[in-house]
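Encoded as structure tokens, the structure appears first; notes follow it.
We did not get these values from a lab; they are worked out from the coordinates using the rules stated. Computed from a predicted model, the values in this text were never measured in an experiment. A quick note on method: Cβ atoms are made from the backbone with ideal geometry, for glycine too, and the neighbour counts reach across all protein chains shown.
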Amino acid sequence: CSESDLGPISLNWFEELSAEAPP
Amino acid sequence: DVAEQLTPVLLDGLREESLQLVSKLKDSSSSCAVDVSTVWWEAAGCRELCVVTACESSVSLWKPLASDHWGKVYTWQVGEIPVIQIVPLPDTCNLVCIALGDLEIGEIRLLLYSSENDLFKQSLVKTGNIKAVLGIKDRRLVSSSRTVQEQQVDIVSLSETGRCKDGQTLMPPEETVLAFAEVEGVRDALVGTTAVNSIVIWNLKTGQLLKKMHVGYSYPASICHRAYSDSGLLFVVLSHPHAKESESCGNPAFRVVAFNPKTARSTGVMFSSLPPGHAGRQYLEGDVKDASAAAVLTSGAIAVWDLLLGQCTALLPPDPEGSWALARWATTNACLLAGQQDGTVCLYQY
């Protein structure tokens, strides 16, 4: 899977989504 | 190139030999096998992996005896509401969870042994119009249930003795959640698949709904079985009981899909298709453990796949005494529990 297919990948996706999502 | 990579590869000459019959247990009083599972059970200081069999009206616990024989320890009679499934509770001992109901789950119960008063007991955990339930780590049960107006996604924590300790609510998506899977590699992440073919991600600690990602219209009624995070991607093992046959991916029963949770984009990683000669309607029900999947096909056979290779690795033809009805992986070892409708359960080493 390449970044071009899936967009920018983050190893900390869970923490980042938790910070962005409504509480 | 992508289509070529995704074309399923089937082993020549599927081997029944990769499944070796270890033992067989037969419940002479049962005539309606509903589910089978394994549970750790400790009695008199001895902790053993036991087998649990369920028929509509009762659930039995079986312990291993000498020479690959099994002895029935106890049978819980559950009353008028039929048992629908056994709900495995990971990392627990002396606790069996069952779901009861008619067409849908109406009740979740715990079956247990109380050393306080030396009795086998059952206790009510939850009632409602329950769509999906999963046992998750730290003795918790997550379930989705619907009222006319809204959906609730709840977690119940259980004590070692099977008491309901405390509850927590997760933010529900608009669509009905039909299956859950914990995310290996991310302690507090949970995923679910919904009735309109989306994958949703929750934070179990905060209850937040983090993301909703679409699976694709080609695979209606996808069910998540397993999820793990690796290198910033979320890999989800999905089963497709109603997927249509296509030239590019054959007749897929299971798929491993990689999602980028940040962008909600996804790509198929591996397809596991039906073995040759099993086209058309696919399978009745199945189970996934680690990289192995097993499913009962409508032909009455059980197929086993290596999900990372995308290959069917074993095929158990219908038994002369009756078609297979259930296929479950034991919680430990590479052991397949294959059940027949008359209540016979065969244990195969894989």
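Overview of results
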{"quantity": "Sites B:Phe120 and B:Asp68, calculated FRET efficiency, Cβ-Cβ separation with R0 30 Å, nearest 0.05", "calculated": "0.75"}
{"quantity": "Normalised per residue, the volume of the convex hull around the Cα set of region B:176-230 (Å³)", "calculated": "74"}
{"quantity": "Rg/Rg_globular for region B:132-198, with Rg_globular taken as 2.2 N^0.38 Å and Rg from C-alpha atoms", "calculated": "1.14"}
{"quantity": "Of B:Leu111, B:Leu103, B:Leu204, the one that fluctuates the most in a GNM where chain B has Cα springs shorter than 10 Å", "calculated": "B:Leu103"}
{"quantity": "Longest segment of chain B lacking trypsin sites (Lys or Arg not before Pro) that sit in a DSSP loop with at most 12 other Cβ atoms within 10 Å", "calculated": "B:16-136"}
{"quantity": "Simple Cβ-charge dipole of region B:22-119, Lys/Arg +1 and Asp/Glu -1, about Cα centre, in debye nearest 20", "calculated": "380"}
{"quantity": "Test item: Cα-centred dipole of the protein assembly as shown, Lys/Arg +1 and Asp/Glu -1 on Cβ, debye", "calculated": "520"}
{"quantity": "Charge-dipole axis of chain B as Lys and Arg at +1 and Asp and Glu at -1 on Cβ define it, positive-most pick from B:Ser159, B:Ser28, B:Leu307", "calculated": "B:Ser159"}
{"quantity": "Residue-averaged 222 nm ellipticity for chain B, from DSSP H runs of 4+ at -39500 (n - 2.57), nearest 500", "calculated": "-500 deg cm²/dmol"}
{"quantity": "For residues of A:11-23, the mean tally of beta carbons on other chains within 10 Å", "calculated": "6"}
{"quantity": "Estimated FRET transfer efficiency when R0 is 25 angstrom, pair B:Leu308-B:Ala221 (beta carbons, to 0.05)", "calculated": "0.55"}
{"quantity": "Dipole of region B:48-182, positive end: most advanced residue of B:Val125, B:Ser145, B:Ala181 [Cβ charges, Cα centre]", "calculated": "B:Val125"}
{"quantity": "Amide hydrogen neighbours beyond the local backbone of B:Ala327, cut-off 5 Å, H modeled", "calculated": "B:Val296, B:Gly339"}
{"quantity": "Sparse-neighbour loop sites [GluC sites (Glu not before Pro); region B:90-126; at most 12 other C-beta within 10 Å; DSSP]", "calculated": "B:Glu116"}
{"quantity": "Under the Karplus curve 6.51 cos²θ - 1.76 cosθ + 1.60, θ = phi - 60°, whole-Hz ³J(HN,Hα) for region B:71-88, x wherever Gly or Pro sits", "calculated": "x, 6, 8, 7, 10, 8, 8, 9, x, 7, 7, x, 6, 9, 7, 8, 10, x"}
